[in-house]
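For reference, the structure discussed in these notes is given below.
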Amino acid sequence: MNEQTESKFEYVGFWARVGATLIDTIIILMISAPLMYMFYGDLYLYSDDFVLGFVDVIVNYIFPLVAVLIFWTYKSATPGKMAIKAIIVDADTGNRPTTKQYIIRYFGYFISIFPLCLGLMWVGWDSKKQGWHDKLAKTVVIRPQNRGVESVKFNV
């Protein structure tokens with residue numbers, strides 16, 4: 001895409017992204033909760049431990065990381081974003097982000113969460129609807145335009 005072409009996309013706002021995240025969370029929980037209960041039983045439900053063991057690390061930390069990176073790499077979106085017809089693109093060119101950008105974006109979520117989720121809420125105030133994780137990775141989340149939100153422009 002170039003800036004001469006009228007964009008048929010819009011930046012995806014806060015509440016749509018919250019909805020997409022809820023869909024993704026439900027999918028991950030439907031997979032991880034039964035596995036955790038199968039391996040740890042009631043200990044999984046009532047333990048105060050941050051990590052219960054090796055299976056906990058694989059199921060709750062490694063699996064989500066790998067799943068998200070695979071979806072981003074092959075679809076430019078997680079199932080939740082696909083449900084709202086959103087994709088992640090490079091903020092400057094509108095092209096598919098690099099693997100490096102995806103990795104920075106994933107770990108940028110932790111930076112966005114730490115100060116009272118301010119980096120996630122930033123999507124609601126930012127003109128390009130970028131959270132801190134998007135800014136760090138130089139990405140934006142877009143979808144086909146449908147409500148007159150500001151048109152997407154790339155610096156090519």
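The values are calculated or read from the model by the stated rules, or taken from the named source; none is laboratory data. If you're wondering where the values come from, they're calculated on a predicted model, not measured in any experiment. Glycine gets a Cβ as well: all are built from the backbone with ideal geometry, and neighbour counts include every protein chain shown. Note: areas computed on protein heavy atoms with side chains; ligands, DNA, RNA excluded. Shrake-Rupley method; radii C 1.70, N 1.55, O 1.52, S 1.80 Å.
Side notes on the structure shown:
- Calculated from backbone phi, Karplus (6.51, -1.76, 1.60) coupling profile of the stretch 18-24 in Hz, x at Gly/Pro: 4, x, 4, 5, 4, 4, 4
- Selection among Y74, P64, V18 by position relative to the dipole of the chain gives Y74 as farthest towards the positive end (Cβ unit charges, Cα centre).
- Percent accessible area from carbon and sulfur atoms, the stretch 1-77, protein chains only, probe 1.4 Å: 70
- Charge dipole magnitude, Cβ of K and R +1, D and E -1 - the stretch 1-74, Cα centre, debye nearest 20: 180
- Surface per residue (accessible, 1.4 Å probe) for the chain, Å²: 61
- Among the listed values [x] 44; [y] 37; [z] 29, the one computed from these coordinates for percent of Cα pairs over 27 Å apart is [z].
- Charge dipole magnitude, Cβ of K and R +1, D and E -1 - the chain, Cα centre, debye nearest 20: 620
- Helix-only mean residue ellipticity at 222 nm for the chain, each DSSP H run of n ≥ 4 adding -39500 (n - 2.57), per residue, nearest 500: -15000 deg cm²/dmol
- With Cα atoms, 0 to 90° folded angle of helix 63-75 axis to the chain main axis: 30
- Vicinal HN-Hα couplings computed from phi for the stretch 114-119 (Karplus, 6.51 cos²θ - 1.76 cosθ + 1.60; Hz; Gly/Pro x): 3, x, 6, 6, 4, x
- Extreme residue, positive dipole direction of the chain, given options G124, I27, L43 (C-beta unit charges): G124
- Mean separation of Cα contacts under 8 Å (6+ apart) over length of the stretch 24-84, as relative contact order %: 34
- Here the dipole of the stretch 95-136 is about 180 debye; that uses its Cα centre as origin and unit charges on the Cβ of Lys and Arg (positive) and Asp and Glu (negative).
- Separation of alpha-carbon centers, the stretch 110-140 and the stretch 43-85, rounded to whole Å: 20
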